[in-house]
There are 2 protein chains.
Amino acid sequence: MAEYNFIEIAKNAKIASKKLAVLSTDVKNKALLAIAEALDAKKDLIFEANKVDLKEAEGNISQAVFNRLKLDENKMRDMIQGIIDVYELDDPIGKTLLQRSLDTGLVLSKISCPIGVLGIIFEARPDVISQISALAIKSSNAVILKGGKESVNTNKAIMQVIQSALGLVDGFPDNVLTQVYSRDDVKEMLAQDKYIDLIIPRGGNSLVQFVKENTKIPVLGHADGICHIFIDKYADFEKAKKILIDAKTQYPSACNSVETLLIHENFTKKNELLAALRDVGVELIFNPESWHKEYSDKILAVKEVASIETAIEHINTYSSGHTEAIVTEDRENASLFMSAVDSSGVYHNASTRFADGFRYGFGAEVGISTNKTHARGPVGLEGLTIYKYTIQGNGDIVADYVEGRKKFNHKDLI
Amino acid sequence: MAEYNFIEIAKNAKIASKKLAVLSTDVKNKALLAIAEALDAKKDLIFEANKVDLKEAEGNISQAVFNRLKLDENKMRDMIQGIIDVYELDDPIGKTLLQRSLDTGLVLSKISCPIGVLGIIFEARPDVISQISALAIKSSNAVILKGGKESVNTNKAIMQVIQSALGLVDGFPDNVLTQVYSRDDVKEMLAQDKYIDLIIPRGGNSLVQFVKENTKIPVLGHADGICHIFIDKYADFEKAKKILIDAKTQYPSACNSVETLLIHENFTKKNELLAALRDVGVELIFNPESWHKEYSDKILAVKEVASIETAIEHINTYSSGHTEAIVTEDRENASLFMSAVDSSGVYHNASTRFADGFRYGFGAEVGISTNKTHARGPVGLEGLTIYKYTIQGNGDIVADYVEGRKKFNHKDLI
């Protein structure tokens, strides 16, 4: 049984979020540096905790999960560098997104502000804690984190180091970051739509699906990554080969790896292309049981299509809305594909593997979203913000406008 | 029983949405003009249908609902003008929101695109149909509309006129607008998260609350409008009086009318201010049963507070996140209030009644949102869009960057 009351935690996070909303960039940046320094100073303590987790997990989890769970000097360096990177990003809060004079002396502004309280549910990747904590602090959001049980000791150690660092930062509010550990906390978190404004699940398909099915809180993320590459009749063979091999083999378990190859029936080098894929160890499946399957392995479903329209229709039917690419030398086909395909990323002559916040130059990434609202594609700090409208008046009333004594005279000031 | 299958309708709307996504501005604008002309030419047919509804409703509904249901020449002129206004707005689709060179010959663009399929649930206001249809067409979204049963004849007549106009527009796809009429359709609509991307409820508190409680689809809107005005110790009496009277009496049933007056205990003209409110027929309640109540009438809950901090805390606890105002001559207090109050609109020395898309200069309004994600405050066409990322490459692969043969060189092009 947990030694805490989840609703109290959620309430306190909400209170903290209001204090964060008015916190200066300076204090937020000091907090980030303090965390980076503390992680470096106390990394041995974290490695010790990690060893306990690794020992308990050994034999019970797959090698892939074991690798994600394991922290070493390299990962710790990346964690610390990730915090420094967020420190160096512009403060996304308090930006004037629009400023408009409605009439003389009546000015409307649209100002970026934090969302409020984020609920983060992640699996066996303890490095998520520092990454999300840094992003949350910089964007003035409070956050409640729930990690996987495999990494509970590591997670506790990391959070302890972070909290003790934050405790020494003048003016930094309490309860900005809270971690919960019990399995029931996931259910509790998903029910707290009164206090939690956004849920970000970081993990496999089934976790994300479960979260989406079980909450009224907006969820930012993606379940599947069923990415497609369409080799047009007018494709360049060398580009097609290079892009397909990269998108399938460079990191097959990544969500932006290709799962389905659509190939125009009149592409003359079709057989050479398929042979090239087999040569690098890709297994080709011509009649898959489902076009919805994410292989996350060196396996590729292949379909011949009679036209670019059929390819687009296939993608818009079976894609998870993540990332798709066309390989063609025909500008018109490229342009049709890019406007008609309804996915968060649509590429021409480039590998689907580019779908990533760091590669896009966002500096840091919350995750990749396949949502059709709020934020789509790789989400950076901006995805953790919303805005409010302010009006600066001088005793202005609506009756003057409704009754014709005054007239609006909208004029953008920036 | 309905003579149609809701899932078929939803599927067809999804198909239509893909065609809309690539439709030219020209065809969309022709469709808008055709609708405006047809409504003007066939308004008598619509007035006839409206009379049937009015006759059936008489005695069974309140005067306010009757007034909303009733169409006359003035309302029809506004409906038609509303469509022309949307026609004149810039196309919100296909805008380049960001363009960044990732490396030589590798260009990332962020392009605005439609959300997909909108589900609109509205009560006895048949003019919503033309307004939402125009906004949906301009933003390339398909829409399924479900109106109130009181206006079913009017709704059918309006939709018939719109559909026959659209049928004559060259290149305009079928099934962009569909109306459903059965009560069960609301439940069906809320369940179609596979086909419907966003639900917009337009109606009273209980409708919006019901929708939010019963769907996994994102909902854009607001349930309550519990707006606050805080009269600071440093308030100017004349401004306070003018703003309060406007915000409470100019249109008491509007969602942006004030419901709670917070007044600093050291504001010297407190009694005069309360007397002025009573003079214009406002009933003051000093110990309301709940601070969460929306009166929608000339009733105002009043609370004395000892400090601006208490006022802010009260608002952040009880507000519905719609619109709040501070009346003060003190710049620091105004600035604190505007950054600390977490609502979609926060005003200094202006009436809360300004919270409105037309007054903000958006040209048209989908509604007002109190969401913390996607769109907040009065929502214009932009709230019906999302974006996709495109990459234009030339055979580019990620392995070149991971293995150090190439380096990203992010440079914004616009």
Rounding to the nearest 20 debye, state how big the charge dipole of the protein assembly as shown is about its Cα centre with +1 on each Lys and Arg Cβ and -1 on each Asp and Glu Cβ. 80 debye
Given chain A, what percent of its DSSP beta bridges are antiparallel, to the nearest 5? 35 percent
What are the ³J(HN,Hα) values, in whole Hz, obtained from phi via the Karplus relation 6.51 cos²θ - 1.76 cosθ + 1.60 with θ = phi - 60°, for each residue of the stretch A:307-320 in sequence order, with x given for Gly and Pro? 7, 5, 4, 5, 4, 4, 5, 4, 5, 5, 8, 9, 5, 8
Test of the criteria: in the stretch B:69-172, which trypsin sites (Lys or Arg not before Pro) are in a DSSP loop and have at most 15 other Cβ atoms within 10 angstrom of their Cβ? B:Lys95
Compute the longest continuous run of chain B that contains no exposed chymotrypsin sites (Phe, Trp or Tyr not before Pro); treat a site as exposed when its DSSP state is not H, G, I, E or B and it has at most 13 other Cβ atoms within 10 Å. B:5-285
Relative contact order for chain B: what is it in percent, counting Cα pairs under 8 Å that are at least 6 residues apart? 19 percent
State whether the stretch B:259-414 is rounded, prolate or oblate according to the following rule on the C-alpha gyration tensor (a ≥ b ≥ c being the square roots of its eigenvalues): a/c under 1.5 gives rounded; otherwise a/b larger than b/c gives prolate, and the remaining case gives oblate. prolate
Run the label-point distances for B:Leu98 please: 7 Å along Cα to Cβ, every other copy, nanometres, shortest first. 1.9
Looking at the calculated P(r) for the protein assembly as shown, what percent of the C-alpha pair distances fall above 44 Å? 32 percent
Take chain A, connect every pair of alpha-carbon atoms lying under 10 Å apart with a spring to form a Gaussian network, then pick out the residue of A:Gly281, A:Gly321, A:Gly119 with the largest mean-square fluctuation. A:Gly281
DSSP-assigned coil residues among GluC sites (Glu not before Pro) in the stretch B:13-120, each with at most 16 further Cβ atoms within 10 Å: B:Glu58
Percent antiparallel among DSSP beta bridges confined to the protein assembly as shown, rounded to 5, stands at 30 percent
Excluding near-sequence neighbours (fewer than 8 apart on one chain), the stretch B:291-410 holds lysine pairs with C-alpha atoms under 29 Å apart numbering 6
From the P(r) of the stretch B:1-48, could you give the percentage of C-alpha pairs in the tail past 13 Å? 71 percent
Among all the aspartates and glutamates, which ones have a C-alpha under 18 Å from B:Lys70's C-alpha, if same-chain residues fewer than 8 places away are not counted? B:Asp40, B:Asp44, B:Glu48, B:Asp53, B:Glu56, B:Glu58, B:Asp78, B:Glu123, B:Asp127, B:Glu150
Per-residue HN-Hα couplings for the stretch A:106-116, Karplus 6.51 cos²θ - 1.76 cosθ + 1.60 at θ = phi - 60°, whole Hz, x for Gly and Pro? 10, 10, 9, 10, 10, 10, 5, 8, x, 6, x
List the distances, in nm to one decimal, from the label point of B:Gly281 to the label points of the same position in every other copy, shortest first, placing each label point 7 Å from Cα along the Cα-to-Cβ direction. 8.2
Under a 5 Å amide H to amide H cut-off, with H placed in plane at 1.01 Å, what residues pair with B:Glu329 once short-range neighbours are removed? B:Tyr234, B:Ala235, B:Asp236
From the Cα centre of the stretch A:67-120 to that of the stretch B:293-361, the distance in Å is 26 Å
Which number gives the lysine pairs in the stretch B:135-238 that have C-alpha atoms under 28 Å apart and are eight or more places apart or on different chains? 23
Built amide H within the under 5 Å cut-off of B:Gly367, gap 5+: B:Val379
Copy-to-copy label separations for B:Glu3, where each label sits 7 Å from Cα toward Cβ, in nm and ascending: 6.9
Identify, for chain A, the residue whose C-beta comes nearest the rotation axis onto chain B, and round that distance to whole Å. A:His374, 2
What does the C-alpha gyration tensor say about the overall shape of the stretch A:156-307? Classify as rounded when a/c is under 1.5, otherwise prolate if a/b is larger than b/c, or oblate. prolate
Quick one: check the C-alpha center-to-center distance for the stretch A:222-251 versus the stretch B:371-392, whole angstrom. 29 Å
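The numbers here are math on the coordinates, done by the rules we state, and not lab data. On a predicted model such as this, the values are computed, not experimentally measured, just so you know. Positions of Cβ are generated from backbone atoms using ideal geometry, with glycine treated the same way; all protein chains shown enter the neighbour counts.
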